[in-house]
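The values are calculated or read from the model by the stated rules, or taken from the named source; none is laboratory data. None of the values given here were measured: they were computed from a predicted structure. Here the Cβ positions follow ideal geometry from the backbone for every residue, glycine too, while neighbour counts run over all protein chains shown. What goes into the accessible areas is simple: the full protein's heavy atoms, side chains included, and nothing from ligands, DNA or RNA. Shrake-Rupley method; radii C 1.70, N 1.55, O 1.52, S 1.80 Å.
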Amino acid sequence: MSLTHPAHAGRTQLDRDTVRIALLGCGTVGSGVANLLIGSASAIAARSGVAFTLEAIAVLSLGKPRTDRIPRSLLTADARSVVLDPAVDVVIECIGGTGVAADLVETALLRGKHVVTANKDLLATRGPELRALAHARGVTITYEAAVGGAIPIVRTLTASLAGEEILEVGGVLNGTTNFILSAMFEGESYASALAKAQRLGFAESDPTNDVEGVDAAHKLAILAQLAFGRGLVTSEIPRVGITRLTPDDVTLAKRLGYRLKLVACARRDASLVTPAFVHTDHPFAQPAGPQNCIRITGRNSGSLTFAGAGAGGAPTASAVISDVVAVLRHIGVGRHVGILPVDDSLTPVTTAHEPSIPLPRIVRLHSLRDARPAREALLAAGFQARALDGVPAIRTERVDGEAPVRIEAILAAHAIVAQSIIPLWEDVDPHAYQEGSHV
Ligand SMILES: NC(=O)c1ccc[n+]([C@@H]2O[C@H](COP(=O)([O-])OP(=O)(O)OC[C@H]3O[C@@H](n4cnc5c(N)ncnc54)[C@H](OP(=O)(O)O)[C@@H]3O)[C@@H](O)[C@H]2O)c1
């Protein structure tokens with residue numbers, strides 16, 4: 001059985017066939033997508049001007065309870081048959097990961113089907129390759145939901161800012177770590193904040209990808225691919241997670257008038273994910289709990305900041321449906337969605353481990369936390385010796401084994417970090433920016 005939705009009641013339909021859609025995955029995001037495809041079918045068809053049918057919903061376990069809205073007759077446990085079905089025109093992938101989902105997406109593209117996906121892991125690791133495949137097959141792969149949940153950042157970069165030279169993109173990209181750091185700001189330890197995030201569904205039972213900064217790096221890779229047209233992938237982004245942050249760090253941030261955030265930032269030749277002190281007035285300090293904040297700085301546009309729900313079933317499903325409408329519209333007018341006018345072959349991957357533009361004003365807080373004296377750690381982190389002149393005496397020995405001495409050392413170090421990070425985020429002056437120079 002399939003569900004058919006005419007584009008416009010009482011109006012002549014386009015002379016092409018009804019578009020046939022299949023959904024892979026019906027979990028947090030997929031069930032939200034299914035609900036919208038079924039419950040808002042008329043609106044989607046009307047907005048896209050194209051009639052569509054929902055042909056099938058592939059899941060892992062047929063026996064799992066689903067909402068009543070999802071007809072059981074659409075469910076199948078054979079996702080591969082769905083993507084091989086010549087009748088299916090558009091595949092929406094909401095399974096996740098780089099295993100079976102990758103095979104299914106690749107097969108769908110090879111078979112000439114448009115793909116809509118929320119799969120950041122896949123796009124961050126194999127985005128350039130999959131886009132090239134889609135291009136070669138004359139279809140599209142769209143992924144508005146892969147970064148920032150409901151925040152319309154992918155289309156902003158690819159369409160609204162298509163004529164812009166992007167200088168920098170980044171922000172607070174991971175809701176789980178932001179939730180944990182927000183809870184720590186309210187006085188909780190890292191462990192209890194993580195447990196709370198897991199209890200409330202903001203963190204997975206294995207939170208590694210989030211707390212180690214992998215998820216933020218995935219999203220940054222996707223944004224950088226779009227902004228700079230180069231095939232940056234996650235493994236090339238230097239990253240530090242939040243697992244070693246302590247209540248001392250949060251206390252220190254408060255005392256200095258800063259918030260502690262996991263910030264991800266990319267420029268054309270450099271990228272980094274790191275815990276950072278962000279001044280309370282700064283937009284990146286504003287997102288609370290699981291919210292995201294993303295900023296794009298263009299040479300002519302200046303800085304544009306977007307904030308909102310970075311994850312969750314309904315917000316992410318909303319972004320998926322926006323891609324579905326875009327694909328339907330473009331099928332309707334007989335052309336393809338202009339998702340990424342980038343030829344990756346022209347911009348070979350550079351090794352971002354050794355960025356040609358170092359980011360001296362972003363310092364990994366952990367590098368200040370090693371056994372070395374703070375001054376030495378700061379020098380190792382890239383500060384010039386003269387920049388450390390005038391820093392209050394940094395005591396590194398412990399007195400009676402008490403914590404305050406260690407805090408004092410970190411305070412001095414962090415005070416410099418705080419002053420040093422902020423200009424990077426505040427002062428990107430598009431007109432003063434010189435390619436290849438330090439900012
Ligand atoms: N959750 C979020 O807030 C969020 C936000 C942005 C992006 N995303 C992305 O959205 C994607 C989906 O995430 P999610 O949170 O919705 O995951 P999820 O809740 O774990 O759902 C995964 C779905 O995939 C199905 N599935 C697993 N293996 C399958 C297979 N071999 N064949 C067919 N179906 C299979 C599962 O079936 P069963 O239902 O039978 O188990 C389930 O319905 C991921 O790429 C994720 O990164 C999620």
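Return the residues of segment 185-198 that are open to solvent by 10 Å² or more (accessible area, probe 1.4 Å) and either aliphatic (A, V, I, L, M) or in a helix (DSSP H, G or I) (or both); say none if nothing qualifies.
Answer for segment 185-198, where residues must be open to solvent by 10 Å² or more (accessible area, probe 1.4 Å) and either aliphatic (A, V, I, L, M) or in a helix (DSSP H, G or I) (or both): F185, Y190, A191, S192, L194, A195, K196, Q198.
Restricting attention to segment 225-253, which residues are hydroxyl-bearing (S, T, Y) and within 19 Å of A191 (Cβ to Cβ)?
Scanning segment 225-253 gives T243, T246, T251.
Which one of these is farther than 21 Å from G313 by Cα, of a type in the set (D, E) and within 15 Å of the ligand (Cβ to nearest atom): D89, D103?
None of the others qualify; the one that does is D103.
Quick one: count up the residues across segment 133-165 that are away from the ligand (no atom under 16 Å from the Cβ), in contact (Cβ under 8 Å) with a residue 60 or more places away in the chain, part of a loop (DSSP other than H, G, I, E, B) and open to solvent by 10 Å² or more (accessible area, probe 1.4 Å).
Number satisfying all stated conditions: 6.
Hey, which of the helices (runs of 4 or more DSSP H) in segment 26-115, taking only ones fully inside, have at least 2 residues that are open to solvent by 10 Å² or more (accessible area, probe 1.4 Å) and modelled with pLDDT of 95 or more?
28-39, 79-84, 100-110
Does T243 satisfy being more than 16 Å from the chain's Cα centre (by Cα), in a loop (DSSP other than H, G, I, E, B) and over 18 Å from V147 (Cα atoms)?
Yes, satisfied.
Name the residues in segment 199-218 that are surrounded by fewer than 16 Cβ atoms within 10 Å (Cβ to Cβ) and either touching a Leu at 6+ places or on another chain (Cβ under 6 Å) or not in a loop (DSSP other than H, G, I, E, B) (or both), would you?
R199, T208
Please list, ordered by first then second residue, the pairs with beta carbon atoms under 8 Å, 6 or more apart or interchain, first in segment 301-320 and farther than 25 Å from E165 by Cα, second open to solvent by 50 Å² or more (accessible area, probe 1.4 Å) and within 8 Å of the ligand (Cβ to nearest atom).
G312/T28; G313/T28; T316/T28
Going by what's in this entry, would R72 be described as in contact with an Asp or Glu (Cβ under 9 Å, 6 or more places away or on another chain) and of a type in the set (K, R)?
Considered against the rule, which asks whether it is in contact with an Asp or Glu (Cβ under 9 Å, 6 or more places away or on another chain) and of a type in the set (K, R), R72 comes out as no.
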